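Take a look at the structure below.
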Amino acid sequence: MSNQMNDSEARFSLIELDDAPNGATVFEAKPAPAPEPLVEASTPLRTDRYSSPGVCADGAARAKADEIAATEAGFSVAAPIYEIGSLVNQWGVENFKSSREEFEAMPTTEEACGKLAAQITAEDRRDIVVPLADLRMLDNGHFTRGTGNGMPPTERAVTGIGTHITPGGAGYLRKCPPALRATNVNHWCEANALKEDGRATSKAMREWESNGCQGVQPSPVMVPNAVTLRSRINGTTNSREAFAIVSPGYTAHDIDAIADQVMRSEAIPADARADITYDGYRARIDVLFHSNVQPENVVAGEMFKAGIMLKTADDGSGSIQIAAQVWRNLCLNLIIIDHAKDMVMRRSHRGNGIAEAVEAGIADAMNKVAHFANKWSEATVENVMDKYGLGDMDALFRGLVFNKVVHVAGVRPEAMFDRLRNAYEAELALAPDQRYSRSIVVNAVTRAAHSEEWRRWTDVEDLETTGGQLLYQPVWNVVIPEKVDLATLGY
């Protein structure tokens with residue numbers, strides 16, 4: 001069944017965090033207002049570019065090759081509803097540009113994962129194993145092991161109470177006023193203070209039976225029962241809270257550890273972008289790559305976005321999951337999108353070796369999308385210094401400004417040059433191995449749009465558009481005539 005969504009707004013909310021599925025899902029997007037002018041069906045076609053009317057031979061070959069690569073990687077992709085290789089219309093061109101520009105506006109994987117890891121680190125998480133015999137809830141709803149004001153539980157922790165302490169789930173507890181909730185919790189903490197050790201009981205029974213059942217049948221072996229309170233500093237109240245309650249067998253491998261693994265993974269190219277959702281308990285990290293074909297060459301059947309997805313829950317409500325994913329255009333407007341996922345790993349928070357399993361899962365997922373990531377990362381290996389025969393990057397930025405390739409009305413050339421250089425230095429600090437790449441120049445233009453102050457809000461949009469155009473343009477105009485005296489321009 002098709003669902004209404006717009007790929008340019010394809011962000012994954014927490015509702016999706018428990019999605020299961022391998023295979024493809026087709027989304028039918030709600031069309032955005034059409035750009036002007038629209039291409040009518042009667043618009044003449046350039047027949048020299050097509051093997052048959054409306055079909056681009058190069059695009060068809062590219063889309064078919066990508067389909068084969070995706071299938072061999074284990075994806076189940078949907079077939080386009082138009083003949084594969086059919087060029088998109090003007091609406092599709094604009095939607096592809098928007099999709100690419102949105103991708104370019106995302107932070108790099110290193111930036112996004114670093115920010116997420118720092119956020120979790122600031123929470124100062126601590127796990128406290130507490131025997132139920134010692135655990136009590138005060139009338140104000142806080143947990144305590146003795147004196148003091150105690151530690152307030154979050155609603156997710158209340159769910160943990162219903163799972164590990166009280167019978168019947170958490171629905172009733174949530175409806176109780178604090179004092180009544182405390183009465184219930186304290187009753188069941190006492191009632192469940194001991195639990196049977198199944199292995200020890202079985203061993204005692206076997207020994208009794210091996211002795212011919214002599215004497216009194218052994219009673220079940222009882223041991224202290226306990227829970228783990230997962231605590232952290234609440235950034236709003238600046239006080240410690242119990243954000244989850246799990247069993248003592250829970251092995252913590254939290255969101256910050258996973259983000260750090262993603263950030264440091266050698267399997268993920270440096271130019272990958274990341275989209276992250278975190279609600280305080282669960283997180284989803286989408287590491288993404290986007291096609292860099294020219295928008296007017298996009299076709300039906302085009303694989304235009306790919307990546308890996310990692311999601312986890314630190315409140316005990318879900319396992320760590322890693323999947324590979326690809327997006328395919330099925331129509332001429334780039335609004336009917338096939339999103340195919342292939343789950344490569346599910347790992348519960350128990351036992352040893354979780355970090356190793358996550359590392360292997362990242363590598364496996366990246367291997368499934370390597371065909372696309374490698375092909376679309378050409379901008380990271382193209383050396384613009386060699387291409388244009390320039391002596392340094394300053395000459396490149398001077399040429400871009402002089403020829404008004406990068407231009408903002410009212411900003412003098414020397415000021416524009418300085419802003420681009422500042423943005424370039426910031427990008428270089430993040431990706432020193434891309435010093436002379438096309439992508440670092442594009443990223444510098446995009447960064448300048450947001451890091452510098454401009455007189456008009458439209459200047460930001462114009463610079464973002466310029467960044468996208470630079471990515472698609474095979475050749476940039478960076479030549480400055482020899483007769484021009486740069487000193488007169490303030491350089």
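Take the residues in the stretch 463-477 that are crowded, with 20+ Cβ neighbours inside 10 Å and of a type in the set (A, V, I, L, M); name whichever of them is nearest to the chain's Cα centre (by Cα). Restricting to residues being crowded, with 20+ Cβ neighbours inside 10 Å and of a type in the set (A, V, I, L, M), the top hit is Leu471. Pairing residues of the stretch 97-116 that are assigned by TED's automatic domain parsing to the domain that holds Asn333 with residues that are among the basic types (Lys, Arg) and assigned to a helix (DSSP H, G or I), at Cβ distances under 8 Å and at least 6 apart in sequence or on separate chains, gives Pro107/Lys115.
Evaluate the stretch 342-349: report whether one residue or more is surrounded by fewer than 17 Cβ atoms within 10 Å (Cβ to Cβ) and not assigned by TED's automatic domain parsing to the domain that holds Pro153. Spell out the reasoning first.
So in the stretch 342-349, the residues surrounded by fewer than 17 Cβ atoms within 10 Å (Cβ to Cβ) come out as 346, 348.
Within this subset, residues satisfying the condition of being not assigned by TED's automatic domain parsing to the domain that holds Pro153 are 346, 348.
Among the residues of the stretch 342-349, at least one is surrounded by fewer than 17 Cβ atoms within 10 Å (Cβ to Cβ) and not assigned by TED's automatic domain parsing to the domain that holds Pro153, which makes the answer yes.
Restricting attention to the stretch 78-98, which residues are out of contact with any strand residue (DSSP E or B) (no Cβ under 8 Å at 6 or more places or on another chain) and acidic (Asp, Glu)? Glu94, the sole residue that qualifies. Filtering Ala429, Ala449 for residues that are surrounded by 14 or more Cβ atoms within 10 Å (Cβ to Cβ), out of contact with any His (no Cβ under 7 Å at 6 or more places or on another chain) and either outside the structural domain of Pro295 (by TED's automatic domain parsing) or of a type in the set (Ser, Thr, Tyr) (or both) leaves a single hit, Ala449.
Yes or no, residue by residue, for (1) assigned by TED's automatic domain parsing to the domain that holds Arg264; (2) surrounded by 15 or more Cβ atoms within 10 Å (Cβ to Cβ); (3) at pLDDT below 95; (4) over 27 Å from His450 (Cβ atoms):
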| site | (1), (2), (3), (4) |
| --- | --- |
| Asp364 | yes, yes, no, yes |
| Gly389 | no, no, yes, yes |
| Val405 | no, yes, yes, no |
| Ala409 | no, no, yes, no |
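Every residue in the stretch 203-235 that is farther than 26 Å from Gly318 by Cα and polar (S, T, N, Q), please. Within the stretch 203-235, Ser210, Asn211, Gln214, Gln217, Ser219 qualify.
Candidates in the stretch 124-174 are the residues that are free of Cβ contacts under 8 Å to residues at least 12 places away in the same chain, within 34 Å of the chain's Cα centre (by Cα) and over 24 Å from His253 (Cα atoms); of these, the one that is surrounded by the most Cβ atoms within 10 Å (Cβ to Cβ) is Gly169. Within the stretch 366-381, the residues that satisfy the criterion of being surrounded by 19 or more Cβ atoms within 10 Å (Cβ to Cβ), under 14 Å from Gly307 (Cβ atoms) and of a type in the set (A, V, I, L, M, F, W, C) are Met366, Val369, Phe372, Ala373, Trp376. Among the residues making up the stretch 412-461, those that are in contact with a helix residue (DSSP H, G or I) (Cβ under 8 Å, 6 or more places away or on another chain), aliphatic (A, V, I, L, M) and more than 18 Å from Ala105 (Cβ to Cβ) are Met416, Leu428.
Screening Met205 with (1) surrounded by 13 or more Cβ atoms within 10 Å (Cβ to Cβ); (2) assigned to a strand (DSSP E or B) gives one miss only, at (2).
Residues that are under 30 Å from Glu155 (Cβ atoms) and hydroxyl-bearing (Ser, Thr, Tyr) were ranked within the stretch 208-244; the one that is surrounded by the fewest Cβ atoms within 10 Å (Cβ to Cβ) is Thr236. Do the conditions hold for Ala272, that is, is it assigned by TED's automatic domain parsing to the domain that holds Glu359, surrounded by 14 or more Cβ atoms within 10 Å (Cβ to Cβ), closer than 27 Å to Val358 by Cβ and in contact with a Gly (Cβ under 8 Å, 6 or more places away or on another chain)? It is true that Ala272 is assigned by TED's automatic domain parsing to the domain that holds Glu359, surrounded by 14 or more Cβ atoms within 10 Å (Cβ to Cβ), closer than 27 Å to Val358 by Cβ and in contact with a Gly (Cβ under 8 Å, 6 or more places away or on another chain).
The values are calculated or read from the model by the stated rules, or taken from the named source; none is laboratory data. Note that the coordinates shown come from a computational prediction; the quantities given were computed from them, not determined experimentally. Note that each Cβ is placed from the backbone with ideal geometry, even for glycine, and that neighbours are counted across all protein chains shown.
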